Amino acid sequence: MNLITALARLLIFPGLLFAVPAAWFFLWVERKAVALMQGRIGPPFMQPFYDFIKLLGKTTPLREGIGGLLMKAWPLLAVSSAAGAVALLPVLPSSGGFEGDLILLLALLEVPSMCIIAAGFSSRSIFGEIGSAREAVLSVSYNVVFLLAIVSIAASQHTFRLEALAQLPASPLRWLGVLAILVCLPAKLHLNPFSLPNAEQEIYSGPMVEYAGPELAMWELSHGLEWVAATGLVATLAAPHVTLWWIAAPIFVALSFAIVLLLSILASATARLAIDTTVRFYWQCTLIFAVLAISSVLFMRLRS
Amino acid sequence: MNLWNRLMCTCRRRSPWLFHMNSGSCNGCDIELVASLTPRYDAEQLGVRLEGSPRHADILCITGPVTRNAVGAIQTVYGQVCGPKAVVAIGSCPATTNVFIDSRTLDGPLNKHIPVDVFVPGCPPRPDAIIQGVAKAAQILAERGNNPPIADAAPQVVGSGATECACNECKEVQP
């Protein structure tokens, strides 16, 4: 590993220079897809960029003490961990850069959701607290399935290293795992059937209710970066292995785009579920498949 | 004006986020405001987003003739909207208190309490007039920036106050 490739991956591709415009692009695709599904024209291409810059120029209410400091810190922590997660994706089959493994990526992907929970409670608004409680319940539900799916993929391929996973040919069990991850993504990204924590009408956008200006801009950005990281993870696991980086990178981008489109269409076609229905869905319906995947992996490992 | 200010001006004009507040309205204007976001009128093309929290909003849309109970709430919510901000009064009620004039339960019109930038008269106004009013408010917001609103500026009035649609399709349906 040398320093220049490491820096290039963190700052250029797939790091910040790629990830921030990609985050805005995915946010636009999400809104545009919903608009097209509803028979509208939808926002212009630059809309997430306009929103971001406008939010940077707004004032924020003055908050004193440790609570105010914490409220400033959570969105920054969320953005930096989401950006780190994007930088770990092994898009370029490199000999250098970050040798990211799956466990680190999962931890970084989990940080924004924890920040949202903490942010809701530190805003001390009743709506923020309800939103945080919902987010906590939701993350307990989907994470069991999500982690079991990741473990089953790693166990079936005998490695936790992302780079190795991207290079190995996919087994049928890996597809089962990818499917389970896809089922968890709408909850992870707070998309419509599971958009409970940030419900706009019921609880006034939940944990974000007290955020304004640049802090809100950071939350928007971290949501976009989560889009890039989460879809990138699925694209990494699902993409065919190509040695030439200039073919691998467009395949990665196209696969991510397809997943964003799929999730947006799902979001526009469904209505928000109640919290108990959501929890039941993950614990009763999808957990079975995750357990099936991991038990079959363990069984095959014992046999071989 | 340097580059950053020009960029900020464009972005403020192109991304108005609304917070909708009812100060004792009959719900007619509220329905029309929501109708302006539906597929037929699609205000999202201008970057309009209806937000759940006043903290996220740039433009405060107020309907209703301002009842006594609503005055405190209006001032609280106006304070909660972070600057730069603009106010759009939707319907004839917030502008003149309409048919409820001289009622002892009212404390209107709206510009007695907070500075109003754009009035959209009509009972209820048409969704296209509301969109025009929001676009006008976004323009005012972008030009004004962080400066406070001018106290005795001439109010902007948008739309003709018409409550019937001018398009040919509607004339066929309602002769």
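The values are calculated or read from the model by the stated rules, or taken from the named source; none is laboratory data. These numbers come from a predicted model, not from an experiment. Glycine gets a Cβ as well: all are built from the backbone with ideal geometry, and neighbour counts include every protein chain shown. Areas reflect the complete protein model, heavy atoms only, side chains present, ligands, DNA and RNA absent. Shrake-Rupley method; radii C 1.70, N 1.55, O 1.52, S 1.80 Å.
For the range B:48-96, list log₁₀ I(q)/I(0) at each q in 0.17, 0.21, 0.26 Å⁻¹, using the Debye formula over Cα point scatterers of equal strength and ignoring solvent, two decimals each. Treating every Cα as an identical point scatterer, log10 I(q)/I(0) equals -0.51, -0.76, -1.07.
Per residue, the convex hull spanned by the Cα atoms of chain B amounts to 122 cubic angstrom.
The mean number of Cβ atoms from other chains found within 10 Å of a Cβ in peptide B:9-16 is 6, as a whole number. For the range A:3-303, the relative contact order is 28 percent, taking Cα pairs closer than 8 Å that sit 6 or more residues apart in sequence and dividing their mean separation by the residue count. Rounded to the nearest 0.05, what FRET efficiency is calculated for A:L17 and B:R68 with R0 set to 51 Å and r the Cβ-Cβ distance? E(calc), rounded to 0.05, equals 0.35. Spatial offset of the range A:156-192 relative to the range A:103-138 amounts to 24 Å, using the alpha carbon center of each. Once you have the Kirkwood Rh of the range A:1-65 from its Cα pairs, apply Stokes-Einstein at 37 °C and 0.692 mPa s and quote D in µm²/s. Result for D is 227 µm²/s. The relative contact order of chain B, computed from alpha carbon pairs under 8 Å that lie at least 6 residues apart in sequence, is 24 percent.
Which of B:F100, B:F119, B:F19 moves most in a GNM of chain B, Cα contacts under 10 Å? Answer for the Gaussian network model of chain B: B:F100. Using only Cα coordinates, the Kirkwood hydrodynamic radius of the range A:122-173 works out to 13.5 Å. The GNM of chain B, with springs linking C-alpha atoms under 10 angstrom apart, assigns the highest mean-square fluctuation among B:P125, B:P148, B:P65 to B:P148. Residue-wise HN-Hα couplings along the range B:15-26, as the Karplus relation 6.51 cos²θ - 1.76 cosθ + 1.60 with θ = phi - 60° gives them from phi, are 9, x, 9, 9, 10, 9, 10, 9, 10, x, 6, 7 Hz; Gly and Pro carry x. Working note: Karplus 6.51/-1.76/1.60 with θ = phi - 60° gives the range A:190-203 the couplings 6, 8, 4, x, 10, 8, 5, x, 10, 5, 6, 7, 5, 10 Hz, where Gly and Pro are set to x. The range B:23-68 has equivalent-ellipsoid semi-axes of 21, 15, 7 Å, by the square roots of 5 times the alpha carbon gyration tensor eigenvalues, sorted largest first.
Angle of helix A:172-188 to the longest C-alpha principal axis of chain A, folded into 0 to 90 degrees and rounded to 10: 0°.
With both partners inside the protein assembly as shown, how many of the DSSP beta bridges are antiparallel, as a percent to the nearest 5?
Values: 2 of 19 bridges.
About 10 percent, rounded to the nearest 5.
Between the C-alpha center of the range B:77-104 and that of the range A:206-249 there is a gap of 41 Å. 3J(HN,Hα) couplings calculated from phi for the range A:153-159 with the Karplus curve 6.51 cos²θ - 1.76 cosθ + 1.60 (θ = phi - 60°) are, in sequence order, 5, 5, 5, 6, 9, 6, 7 Hz; Gly and Pro show x. In this entry, the range A:151-245 is assigned a mean projected area of 7.9 nm², taken as a quarter of its C-alpha convex hull surface. Tilt of helix A:16-37 relative to the longest C-alpha principal axis of chain A, in degrees (0 to 90, nearest 10)? Helix A:16-37 sits at roughly 80 degrees to that axis. Using every pair of separate Cα atoms, the Kirkwood estimate puts the hydrodynamic radius of the range B:50-129 at 12.9 angstrom.
Taking a probe of 1.4 Å and counting only protein heavy atoms, give the total accessible area buried between chains A and B in Å², rounded to the nearest 100. Walk me through the intermediate numbers first.
Values: alone 14200 and 9690 Å², together 21400 Å².
The summed interface area works out to 2500 Å².
Of B:Q156, B:Q75, B:Q139, the residue with the greatest mean-square motion in the GNM of chain B, using alpha carbon springs below 10 Å, is B:Q75. Using the Cβ-Cβ distance between A:L168 and A:V291 with R0 = 22 Å, the FRET efficiency computed as 1/(1 + (r/R0)^6) comes to roughly 0.40. Scaling the Cα radius of gyration of the range A:1-152 by the globular reference 2.2 N^0.38 Å produces a ratio of 1.23. Computed from Cα atoms, the angle from the helix A:213-238 axis to the main principal axis of chain A rounds to 20 degrees. What is the percent of Cα-Cα separations in the range A:3-303 that go past 32 Å? The proportion of pairs with Cα distances above 32 Å equals 25 percent.
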